[in-house]
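In what follows, a single structure is set out as structure tokens and then discussed.
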Amino acid sequence: MNAPGSRDRFYEGLPVVDGFGSLMDPALYSPLPEDWTIGLADIVQSTKAIAEQRYKAVNMAGAAVIAAVTNALGEREFPFVFGGDGASFAVSASDLELAREALAATATWVRNELDLSMRVALIPVGDIRTKGLDVRVARFAPSPNVSYAMFSGGGLGWAETAMKRGDFAVLPSPPDVLPDLSGLSCRFEEIPAANGLIVSVLIMPAPGGDATAFRKLTEGVIALVETTPNAGRPVPPGGPPFGWPPTGAELEARAARGGSLMRRRVSVLALTFMSYLILRFGIRVGGFVPKTYVQQVVENSDFRKYDDGLRMILDCTPELADELEARLARAASQGVARFGLHRQDAAMMTCFTPSPVRSDHVHFIDGARGGYATAATALKAAMA
């Protein structure tokens with residue numbers, strides 16, 4: 001394999017933006033190199049899984065894609081976005097085969113261990129551009145510890161549609177080929193709404209709509225949330241609740257490697273019990289400082305993003321949710337945007353922590369009663 005060159009390190013060289021509202025400016029986004037590839041994954045019939053109250057497994061599957069590709073690529077950074085019931089990412093030409101193997105293995109793991117069906121695809125950026133669309137990326141830092149990718153250009157939306165048609169499909173790996181999901185966990189409990197509601201919001205530009213009007217709409221929504229007292233981040237300042245045994249212990253055991261499932265269950269229960277004691281009583285272990293870690297969990301949480309549209313998981317009052325919905329309904333009636341909004345009583349967190357003593361652990365937030373996937377269903381229904 002060739003040594004990584006400047007095009008392979010493209011994402012690492014992008015400037016980091018620390019103001020989320022400014023990400024609506026298209027000038028902040030840079031086009032992906034022509035020889036890069038977009039990876040996509042989503043759960044087939046996620047609505048059925050949600051109805052069966054399996055959304056924690058659905059979220060675990062989406063986060064597993066990011067964990068598997070991250071572990072396959074080692075220390076090389078790459079842009080990714082968590083979508084609740086799936087994920088999207090981009091990789092350089094030199095990392096393509098590693099990403100393909102990780103994606104194929106994850107699809108097999110999801111089928112065998114979670115009893116869910118995941119479709120996966122790899123789509124060359126060049127193919128997307130032949131459709132008159134683009135994939136542009138920016139880096140947003142919610143804290144000094146991590147950055148998350150934001151996408152624009154319309155290419156991801158087209159790629160998702162192509163994947164769902166069965167185009168560019170990646171076949172699952174053989175049953176004995178497993179992804180490396182080290183660091184993937186869901187040890188925290190559900191996060192109850194502090195202000196009355198957890199709201200999942202998806203805001204997409206209407207086909208043929210005015211781009212300037214859509215930008216004004218999204219900037220206004222962000223400003224409304226950021227200027228409303230106590231609205232926004234669903235993770236409380238003291239961190240998410242935790243207990244033992246964690247409700248996600250079975251999922252973590254199925255993500256682990258080595259030995260029988262029973263052995264992995266016992267290992268996860270023992271490990272999570274130690275983690276519970278350390279966090280509960282603030283016990284410092286080597287370089288791990290519980291108070292610092294919990295603060296980083298809060299700061300690093302991924303609760304809002306832009307990938308050809310605005311996605312947010314908000315803790316807010318019913319009155320703010322009503323105002324948001326009314327504003328978005330007006331924009332939809334004017335042909336500016338289409339949207340989905342879903343109300344629930346709690347949020348949930350899925351974590352990827354390559355090392356507990358490093359500050360770059362990431363935490364994906366979604367609604368606990370359907371989240372992004374249910375909001376997406378509402379958006380599609382509004383388009384019908």
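Looking across Val336, Val294, one residue alone is touching an Asp or Glu at 6+ places or on another chain (Cβ under 9 Å), of a type in the set (A, V, I, L, M, F, W, C), at pLDDT 95 or above and buried (at least 16 other Cβ atoms within 10 Å of the Cβ). It is Val336.
The residue that is surrounded by the fewest Cβ atoms within 10 Å (Cβ to Cβ), counting only those in the stretch 96-118 that are of a type in the set (D, E, K, R) and closer than 18 Å to Val177 by Cβ, is Glu97. Report whether or not Ala93 is among the aliphatic types (A, V, I, L, M) and closer than 17 Å to Leu184 by Cα. Criteria not met by Ala93. The set of residues from the stretch 166-184 being closer than 28 Å to Asp308 by Cα, in contact with a strand residue (DSSP E or B) (Cβ under 6 Å, 6 or more places away or on another chain) and open to solvent by less than 60 Å² (accessible area, probe 1.4 Å) comprises Val170, Leu184.
Yes or no, residue by residue, for (1) modelled with pLDDT under 95; (2) among the basic types (Lys, Arg); (3) over 28 Å from Ser143 (Cβ atoms); (4) surrounded by fewer than 15 Cβ atoms within 10 Å (Cβ to Cβ):
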{"residue": "Ser267", "(1), (2), (3), (4)": "no, no, yes, no"}
{"residue": "Ile278", "(1), (2), (3), (4)": "no, no, no, no"}
{"residue": "Ile283", "(1), (2), (3), (4)": "no, no, no, yes"}
{"residue": "Pro290", "(1), (2), (3), (4)": "no, no, no, no"}
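Against the test of being touching a strand residue (DSSP E or B) at 6+ places or on another chain (Cβ under 8 Å), surrounded by fewer than 21 Cβ atoms within 10 Å (Cβ to Cβ) and of a type outside the set (Lys, Arg), the options Gly155, Gly196 yield a single qualifying residue, Gly196. Restricting attention to the stretch 213-238, the residues that are crowded, with 17+ Cβ neighbours inside 10 Å and under 22 Å from Gly335 (Cβ atoms) total 5.
The combined condition, being in contact with a Lys or Arg (Cβ under 7 Å, 6 or more places away or on another chain) and open to solvent by less than 70 Å² (accessible area, probe 1.4 Å), is fulfilled by Pro246.
The values are calculated or read from the model by the stated rules, or taken from the named source; none is laboratory data. Remember, predicted model here, so these are calculated numbers, not experimental data. Ideal geometry is used to build each Cβ from the backbone, glycine not excepted, and the neighbour counts take in all protein chains shown. Ligands, DNA and RNA are stripped out before the accessible areas are found, and what is left, the full protein with its side chains, is counted by its heavy atoms. Shrake-Rupley method; radii C 1.70, N 1.55, O 1.52, S 1.80 Å.
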